[in-house]
1. Along its principal axes, what span do the Cα atoms of segment 75-163 show, with the longest given first and each in whole Å?
2. Over all directions, the average projected area of the alpha-carbon convex hull for the chain comes to how many nm²?
3. Looking only at segment 110-131, which residues have a backbone nitrogen under 17 Å from a spot 7 Å from the Cα of Ala104 in the C-beta direction?
4. Given charges of +1 on the Cβ of Lys and Arg and -1 on the Cβ of Asp and Glu, with all other atoms neutral, how large is the dipole of the chain about its Cα centre, in debye to the nearest 20?
5. Quick check on my link table: of Lys43/Lys130; Lys40/Lys155; Lys95/Lys155, which ones sit more than 28 Å apart, alpha carbon to alpha carbon?
6. Given the options Leu140, Ile105, Gly92, identify the residue whose Cα lies farthest towards the positive end of the charge dipole of the chain (+1 on Cβ of Lys, Arg; -1 on Cβ of Asp, Glu).
7. Would you mind computing, in nm to one decimal, how far apart the modelled labels at Glu20 and Leu163 are, each placed 7 Å from Cα along Cα→Cβ?
Amino acid sequence: MTSKHTPEHLAWHETLEIHELTAYQSNNLINFKMSVNDIKDTKLHALYVEAIKSIEKNLKELLQYYPEAPQCYHNRAVGVDMTAFYAGQLLGFAKTSVRSYAIAITETATPRLRETLTRQLNHAIMLHAKVFNFMYERGLYPAYDLNQLLANDVKNANTALSL
């Protein structure tokens, strides 16, 4: 139930969180679908199939919120060029690396290890910047255009779901 003071759309911050979840899951879904048939261990294969089905369900549910984003967006035709997928996968890795190193540093008591992790964190930050710039320069990550950002999410999620 919404009051007269509650907007009929999602808040900006929650829209961006949905973007992050959709982009991350879409890239991983493509990766899992590309890998699942190479997995020979039956239990691991079953886990991949379960993950694929779960992510597909998640994406279908999240996509339902996109029409409620603060601004309208337009669907784009789905292309076959995988550059965006591979760049997004690398960007996701870089983001996760930065977060993981930052957390690990807070748990480090040994000064020499802290120095090593800090150096590696700085390299992860630089990799993230390079990958982001690569994507931004090619229009693959329109960070300053919310409408295009959300349109890319829809395109990528639909690509992942259609595989």
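1. Projected onto the principal axes, the Cα atoms of segment 75-163 cover 52, 26, 21 Å.
2. 13.2
3. Answer for segment 110-131: 110-128.
4. 400
5. Lys43/Lys130; Lys40/Lys155
6. Working it through, the farthest residue towards the positive pole turns out to be Ile105.
7. 2.3
Taken together, the values in this text are just the output of simple stated rules run on the coordinates, not laboratory data. Quick caveat: nothing in here was measured; it's all calculated off a predicted structure. Glycine gets a Cβ as well: all are built from the backbone with ideal geometry, and neighbour counts include every protein chain shown.
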